[in-house]
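The values are calculated or read from the model by the stated rules, or taken from the named source; none is laboratory data. None of these values were measured; they are calculated from a predicted model. Don't worry about glycine lacking a Cβ; one is built from the backbone with ideal geometry, like all the others, and counts go over all protein chains shown.
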């Protein structure tokens, strides 16, 4: 009887871990879909993984060294992507993912470098907050940092 109980407990733990891994994979896929749309200029693809009212912020230091926090409307990003000239290439390269999930809420911390027309522009971290909306992980909050130094820059 004890043996069956131990096996049942181990099986339940295994299933819980597997479910957590699948959720993390699904969160990562939503972020990848967001950036596929970003790079392709496909705002419809981006909106598939964004809630209607996404909060978007950027934190950085200005030239005088003052900490700045800017809040933007998601429509501003969507408009910029949709109207990006063909001669501009925006390439945000995700260097790493750290994803945490609890039920229908997730957070993903992604280090990145940003390249404009093949030239390094800046680096930083994105912090995505997502909500599982009927099986689709959707971005509800995105804040990023931006800096031009202390970056892990690799042209590949």
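A compact table of results
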item	result
Qualifying positions in the range 83-99 - without any contact (Cβ under 8 Å) to a residue 24 or more places away in the chain and in contact with a strand residue (DSSP E or B) (Cβ under 9 Å, 6 or more places away or on another chain)	93, 96, 98
Residue 106 touching a residue at least 12 places away in the same chain (Cβ under 8 Å) and more than 13 Å from the chain's Cα centre (by Cα)	no
Selection status of residue 64, surrounded by 13 or more Cβ atoms within 10 Å (Cβ to Cβ), outside any strand (DSSP E or B) and modelled with pLDDT of 90 or more	no
Whichever residue in the range 109-149 is under 20 Å from residue 67 (Cα atoms) and outside any strand (DSSP E or B) and, among such residues, is nearest to the chain's Cα centre (by Cα)	148
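Conditions tested, residue by residue: (1) closer than 15 Å to residue 35 by Cβ; (2) within 13 Å of the chain's Cα centre (by Cα); (3) surrounded by fewer than 17 Cβ atoms within 10 Å (Cβ to Cβ).
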position: 48; (1), (2), (3): yes, no, yes
position: 77; (1), (2), (3): yes, no, no
position: 90; (1), (2), (3): yes, no, yes
position: 100; (1), (2), (3): no, yes, yes
